[in-house]
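Report on the structure given below.
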Amino acid sequence: MAMRAEQPLAASEIASIFDALSQVTRLEAFRLLLRYHPFGLNAGDISRLLAVPHNTLSTHLAVLQGCGLISSRREGRSMIFAAVPGRFASVQAFLDVAPVASKSSQQLQPIVYPMKRSGAEDLDKVYNVLVLCTQNSVRSIIAEAIINREGDGRFKAFSAGSRPKSRPNDDAISLLADLGYETAELRSKSWTEFAGAKAPRMDFIITVCDVAAGERCPHWPGHPLTVHWGVRDPTELAGNREQLRAALRDTYRQLMNRTTEFVNLPIERLPLAELKAEIAAIGKMEGATELTLTRIGA
């Protein structure tokens, strides 16, 4: 993650940042929010992901905010916390001193250790993910784009609908394009396209629409793991065009938060039942529909 430094900080400010990050919960909270930059997380999701009581977390978030490492904003009834990467980049800039020359006038060269890759990253397995909703025009299209980018080659996402529209929602495509996504290949399509013998074999089926979750699905070859991540249809939450765009941005943030958590799961190391429970729990993050919150096993 590239970070641009802010204005140079005084030594006392640097010291306060180190003091804030010297506590393990605060360090983990800041690290978590860097992963979710720039969208952020609400306090409930941070508490759940770090397994820290809400009242204890509030104190730590206040310390991080006090030294400028995180910011907060209100969205509806939720307070969203986000990392301020530039603040930490200023710390790095403060510590970026020229290396001392040796007696032979040669600069000391930094020792570069190879990064230890996790077992999941060492494997060549690419996981196919099919994201379903009814019309395959907004939520599933956005999720497909996010998983393909955040999956970084380890996940290949597709999307489809039970009753697809002729093409994706123009505003959803515009949002993705503004965020740097390639959108030329995104199209609305029927879920029957993925049910035939020649269709890609799916590892995961994720429904993001309550209606699609309740419909009788085709037979999926390979018995993929199926979970429900229901989020509200942004087109039903909006009145005018500006409200629609705001709702789309909120839907994007919710799906991005879920995807970030999903693609970082240690899939190969988890038993099937535990893996299903972990992915289903991700669906219950901020913005989950009532069906998602009450559904057993998904």
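The values are calculated or read from the model by the stated rules, or taken from the named source; none is laboratory data. Keep in mind the model is a prediction, meaning the values are calculated, not measured. All Cβ positions, glycine included, derive from the backbone under ideal geometry; neighbour counts span all protein chains shown.
Details
- Scanning region 18-40 for residues that are farther than 30 Å from Ala247 by Cβ and of a type in the set (A, V, I, L, M) gives Ala20, Leu21, Val24, Leu27.
- Yes/no for Trp229 being modelled with pLDDT of 85 or more and within 24 Å of the chain's Cα centre (by Cα): yes
- Scanning region 221-232 for residues that are in contact with a helix residue (DSSP H, G or I) (Cβ under 7 Å, 6 or more places away or on another chain) and within 18 Å of Ser162 (Cα to Cα) turns up Val227, His228, Trp229, Gly230, Val231.
- Residue within region 4-11 that is surrounded by 14 or more Cβ atoms within 10 Å (Cβ to Cβ) and modelled with pLDDT of 85 or more present: no
- Applying the criterion of being in a helix (DSSP H, G or I) and of a type in the set (Gly, Ala, Ser) to the residues of region 133-166, the residue that is farthest from Leu265 (Cα to Cα) is Ser140.
- Residues of region 167-185 satisfying the condition of being without any contact (Cβ under 8 Å) to a residue 60 or more places away in the chain, assigned to a loop (DSSP other than H, G, I, E, B) and surrounded by fewer than 20 Cβ atoms within 10 Å (Cβ to Cβ): Arg167, Gly180, Tyr181, Glu182, Thr183, Ala184, Glu185
- Every condition in (1) of a type in the set (A, V, I, L, M, F, W, C); (2) in a loop (DSSP other than H, G, I, E, B); (3) within 21 Å of Ile279 (Cα to Cα) is met by Ala199 except one, and the failing one is (3).
- With respect to the conditions (1) modelled with pLDDT under 95; (2) of a type outside the set (A, V, I, L, M, F, W, C); (3) on the phi < 0 side of the Ramachandran plot, Pro168 lacks only one, and its number is (1).
- When region 60-85 is limited to residues that are assigned to a helix (DSSP H, G or I) and surrounded by 14 or more Cβ atoms within 10 Å (Cβ to Cβ), the one that is farthest from the chain's Cα centre (by Cα) turns out to be Val63.
- Extreme residue, modelled with the lowest pLDDT, among residues of region 248-298 that are crowded, with 20+ Cβ neighbours inside 10 Å, of a type in the set (S, T, N, Q) and touching a helix residue (DSSP H, G or I) at 6+ places or on another chain (Cβ under 9 Å): Asn257
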